[in-house]
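For reference, the structure discussed in these notes is given below.
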Amino acid sequence: MSESVLESSVWRQYNEDNSFREKLAEFCVMDELEFIADDKDLYAVMKSKLTKKELKLFAMDSADISDDELCEAFSYTKEELEKAKFKLYKKLKQDKTRLSFRATAYEEE
């Protein structure tokens, strides 16, 4: 994945910088130093573990976009949005997802 691809990523559509590493650390309850060192590789793994909708929700929610705007963007009711957020953040905390972001798991592949 080239730098230009990362610049035009779903994350960058809603966030001014590539701060997804910090947000992943927060929600995966992991230290950033444990993650795959290269941002492009880490983003590629994140894309492979989340659906397009989940990735977009993660990017938008991390950019502090209001729940009303999120509901409109995804055609969700408030309840559906809360369920989608719960499912997303639960997925990020699951070992099979969060451990795939670790440098050791990436190097073993």
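The mean sequence distance of close C-alpha pairs (under 8 Å, at least 6 residues apart), as a share of the length of the range 18-109, puts its relative contact order at 40 percent. Coupling constants for the range 92-100 follow from the phi torsions by the Karplus curve (6.51 cos²θ - 1.76 cosθ + 1.60, θ = phi - 60°), and in residue order they are 5, 8, 5, 4, 5, 8, 5, 5, 6 Hz; glycine and proline get x.
Pairs spanning more than 22 Å between alpha-carbon atoms, out of Lys47/Lys90; Lys52/Lys93; Lys49/Lys78; Lys49/Lys93; Lys40/Lys87; Lys23/Lys52: Lys49/Lys78; Lys40/Lys87.
Among the protein heavy atoms of the range 1-107, carbon and sulfur supply 49% of the accessible surface, probe 1.4 Å, non-protein parts ignored.
Under the simplified labelling scheme, the Gln13-Lys83 pair shows an inter-label distance of 2.4 nm, with each label point 7 Å from Cα along Cα→Cβ. Modelled this way, with points 7 Å down the Cα-to-C-beta line, the labels at Gln94 and Lys52 are 2.1 nm from one another.
The values are calculated or read from the model by the stated rules, or taken from the named source; none is laboratory data. Model, not experiment: these values are computed from the prediction. All Cβ positions, even for glycine, are placed from backbone atoms using ideal geometry, and neighbour counts span all protein chains on display. Calculation scope for accessible area: heavy atoms of the full protein, side chains included, ligands and nucleic acids excluded. Shrake-Rupley method; radii C 1.70, N 1.55, O 1.52, S 1.80 Å.
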